[in-house]
């Protein structure tokens, strides 16, 4: 009887403890799953994990927690690398001088750098995933993309857009035979086209300027060669004309070389030195006095307001004054006047060359500093100008950091002013 009673009590206690252990295990398992579930949710959401993750879990739970922690660290590393790579790509795209647009196979814009947004006039922050048919305003660019996406071939186009010339290329993208959309590259070639146009015009002008004296020289020499009995006086007269045309060619070549040196040389700051503008003006006036006397022109110097010393490129200033004085004498009739003066305007300096010449009509004033531009081509060639003197003056003044201006009235004369900022030195 006592045996049966003890057996019953043992069975009861065993069942009781088994029940308690089973309930505890279920609770422990539930808490472990909840902790792991929370960790996975934080992992997916990109949040930081609980520092104590897995500490209260059994062995297998701790292994799962460690695996989650390792995965989290790997994902954080990959995310950081991806952010850095995206930043590098974005920096490259934004630093490009060309515009770049990426479109998917449906024609929706997925990527565009700053230059592309500017050139295509895309709406700020509203272009993403928009279709090019709705975003682009120019029909030519739309047609270019249509052909590229349809034919899967590169398409090129050059068009004018708002006073600019754009060069566009649309290139289809494929990966293992799968259509990945297209890339549109845009480039503003306005400056390049203007440079090419200017170069063609320059070559044409130079050819014309060379052809005129060469034609005259060949004509004179042909006359001499075909007339061996020509009187000596006539032959001398013709050779003098040939010599004059040869001098004109030499002047043209020298001016072209000088202009090329000015445009290709660096800024003139390293060649600056202290000198007296009065001495320099006196040198220029004396150099051109014989030329002025030939035409009975009064060439005078007004230096009462000139500063004692300035800091600038003396050779460049001398070339500018020589060109301006030479032009003034060339276009001033006999008996006229040419004045060279200088005055300080605070720390700035102003040279002026004033003449009583033929003057310049208002419609020509904005263009007289262009190469080979002439208000009256026939008269200028007759008077011996190359058409490059004022272009040299303009480039030299810019190189000095200054500017050149002109005031003129037809029949009354002209005044050319050279302004040099920050060149006047105070007297010690």
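The values are calculated or read from the model by the stated rules, or taken from the named source; none is laboratory data. The structure displayed is predicted, hence computed values, not measured ones. Because the Cβ atoms are built from the backbone with ideal geometry, glycine has one as well, and the counts that use them run over all protein chains shown.
Pick out the one residue from 388, 301 that is surrounded by fewer than 19 Cβ atoms within 10 Å (Cβ to Cβ), touching a residue at least 12 places away in the same chain (Cβ under 8 Å) and in contact with a helix residue (DSSP H, G or I) (Cβ under 6 Å, 6 or more places away or on another chain).
On the way: 388 fails: surrounded by fewer than 19 Cβ atoms within 10 Å (Cβ to Cβ).
Among 388, 301, only 301 is surrounded by fewer than 19 Cβ atoms within 10 Å (Cβ to Cβ), touching a residue at least 12 places away in the same chain (Cβ under 8 Å) and in contact with a helix residue (DSSP H, G or I) (Cβ under 6 Å, 6 or more places away or on another chain).
From the list 224, 185, exactly one residue is touching a residue at least 12 places away in the same chain (Cβ under 8 Å), surrounded by 12 or more Cβ atoms within 10 Å (Cβ to Cβ) and more than 27 Å from the chain's Cα centre (by Cα). Which is it?
Values: 185 fails: more than 27 Å from the chain's Cα centre (by Cα).
Every option except 224 fails the conditions.
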Next item on the list: Report yes if residue 310 is over 16 Å from residue 397 (Cβ atoms), surrounded by 21 or more Cβ atoms within 10 Å (Cβ to Cβ) and touching a helix residue (DSSP H, G or I) at 6+ places or on another chain (Cβ under 8 Å), otherwise no.
Entry: no
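Might you let me know whether the range 189-208 holds any residue that is under 33 Å from the mean Cα position of the chain (by Cα), under 20 Å from residue 112 (Cβ atoms) and surrounded by 12 or more Cβ atoms within 10 Å (Cβ to Cβ)?
At the first step, the residues of the range 189-208 found to be under 33 Å from the mean Cα position of the chain (by Cα) are 189-208.
If we keep only those that are under 20 Å from residue 112 (Cβ atoms) too, we end up with 189.
This time we only want the ones that are surrounded by 12 or more Cβ atoms within 10 Å (Cβ to Cβ), so: 189.
Yes.
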Margin query: I need the full set of residues from the range 410-428 which are assigned to a strand (DSSP E or B) and either at pLDDT below 90 or at positive phi (or both), in order please.
Written below: 413, 424
Next item on the list: Only residues in the range 362-374 that are more than 14 Å from residue 393 (Cβ to Cβ) and assigned by TED's automatic domain parsing to the domain that holds residue 195 count as the first member; pair them with residues that are modelled with pLDDT under 85 and not in a loop (DSSP other than H, G, I, E, B), Cβ under 9 angstrom, at least 6 apart or cross-chain, and list the lot.
Entry: none
Item checked: Condition check for residue 407: surrounded by fewer than 21 Cβ atoms within 10 Å (Cβ to Cβ), at pLDDT below 75, outside the structural domain of residue 201 (by TED's automatic domain parsing) and within 19 Å of residue 362 (Cβ to Cβ) -> no
Check: Looking at the range 320-337, is at least one residue in the same structural domain as residue 390 (by TED's automatic domain parsing), without any contact (Cβ under 8 Å) to a residue 24 or more places away in the chain, surrounded by fewer than 20 Cβ atoms within 10 Å (Cβ to Cβ) and closer than 25 Å to residue 423 by Cα?
Finding: no
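Taking the condition in contact with a helix residue (DSSP H, G or I) (Cβ under 7 Å, 6 or more places away or on another chain), within 27 Å of residue 98 (Cβ to Cβ) and at pLDDT 85 or above, does residue 173 pass?
Details: in contact with a helix residue (DSSP H, G or I) (Cβ under 7 Å, 6 or more places away or on another chain): no; within 27 Å of residue 98 (Cβ to Cβ): yes; at pLDDT 85 or above: yes.
No; evaluated as a whole, the condition is false for this residue.
Can you tell me which of 267, 302, 347 is modelled with pLDDT under 90 and closer than 15 Å to residue 416 by Cβ?
Values: 267 fails: closer than 15 Å to residue 416 by Cβ; 347 fails: closer than 15 Å to residue 416 by Cβ.
That would be 302, the only listed residue that is modelled with pLDDT under 90 and closer than 15 Å to residue 416 by Cβ.
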